[in-house]
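Report on the structure given below.
The values are calculated or read from the model by the stated rules, or taken from the named source; none is laboratory data. None of these values were measured; they are calculated from a predicted model. As a convention, Cβ positions derive from the backbone with ideal geometry for all residues, glycine included, and neighbour counts pool all protein chains shown.
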Amino acid sequence: MDIFGSVADASVRPATAADASAMGEAQLRSWRATFENKLSAETFTQLDANALAVSWRNAVTRPPSAAHRVFVACAGPAVIGFAAAAPAHFQQDSAQTDSVEIVALIVDPTHQRAGHGSRLLAACVDMSADESPKFVTTWILEGDEARENFFREAGLEPDGTSRRLTIGVTEVPERRWSAALSGDGALPVSG
C-alpha cells in the first residue's frame, strides 16, 4: 500500500513554453469549478483554453523582467497547476514596492488539497529572494472562500485594499491579501 499516493511524484519546476496548453486547460477548469455561480454564462463562453495558453506561453517566453517567474506543479509528468510571481513595482495598485505579488496560483480541481498549491507558493517566494522582498501579496475574488482559506493558512490576511476586475463581461470585486516575510524571506505560516 502506497501511503503517499500520487504525492510521492509531486514536483514544482520552472514552466516552459511546452507547458502552456496544460496551464490554459487547468486555468479554465479551475475557473469553471470556482466561479460557476459568480460569473455569467456569457463570460464562460468567452473564455478559451487556447487563448489562455497563448497568454501563459508569452509569460514564460517573454517575461517583462528576469524577476517575473512562472512555475508548474506536476503529478508525475503531468502539469496539473501553475503559479506566477512578479515584483510588485510591475503591478498596478501596489502600495508595497518591496514585495512579490502572486499574480496567479491555479491547481486543477481534480488535484487540489494534495500540497501542490503550497509547493507553488513556496517556489514563488523562494525564487524571489534575490529581489529581497519584504512582503508577499495576492488578489482574491470576493467570496472565493477556498482561496481565502489557503492564503490565510499561508499567513496572509486582507490588507484593506480592493479593486474591481473585469473577467469577460463580468466585473467582480477583489481584495488584496498580504503578509510580511520573515527576515530570511520565508512566509509567516499561521496555525
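So, in segment 47-59, of the ones that are at pLDDT below 90 and closer than 20 Å to Arg147 by Cβ, which residue ends up surrounded by the most Cβ atoms within 10 Å (Cβ to Cβ)? Within segment 47-59, the match that is surrounded by the most Cβ atoms within 10 Å (Cβ to Cβ) is Leu52.
Mind checking whether some residue in segment 116-138 is surrounded by fewer than 23 Cβ atoms within 10 Å (Cβ to Cβ) and touching a Ser or Thr at 6+ places or on another chain (Cβ under 6 Å)? Yes: one or more hits.
Would segment 68-87 turn up any residue that is surrounded by 13 or more Cβ atoms within 10 Å (Cβ to Cβ) and at pLDDT below 85? Write out each step before concluding.
Narrowing segment 68-87 to residues surrounded by 13 or more Cβ atoms within 10 Å (Cβ to Cβ): 68-75, 78-87.
Filter again for at pLDDT below 85, leaving none.
For segment 68-87, residues surrounded by 13 or more Cβ atoms within 10 Å (Cβ to Cβ) and at pLDDT below 85: absent.
Consider segment 6-46. How many of its residues are part of a loop (DSSP other than H, G, I, E, B), surrounded by 12 or more Cβ atoms within 10 Å (Cβ to Cβ) and modelled with pLDDT under 75? Step through it out loud before you land on a result.
Filtering segment 6-46 for residues part of a loop (DSSP other than H, G, I, E, B) gives 15-16, 36-40.
From the residues that got through so far, the ones that are surrounded by 12 or more Cβ atoms within 10 Å (Cβ to Cβ) too are 15-16, 38-40.
Those still in the list that are modelled with pLDDT under 75 too: 38-40.
Result for segment 6-46: 3.
Highlighted here are the strands (runs of 3 or more DSSP E) found entirely within segment 91-173 that include at least 2 residues which are more than 26 Å from Ala66 (Cβ to Cβ) and at pLDDT below 85: 157-167.
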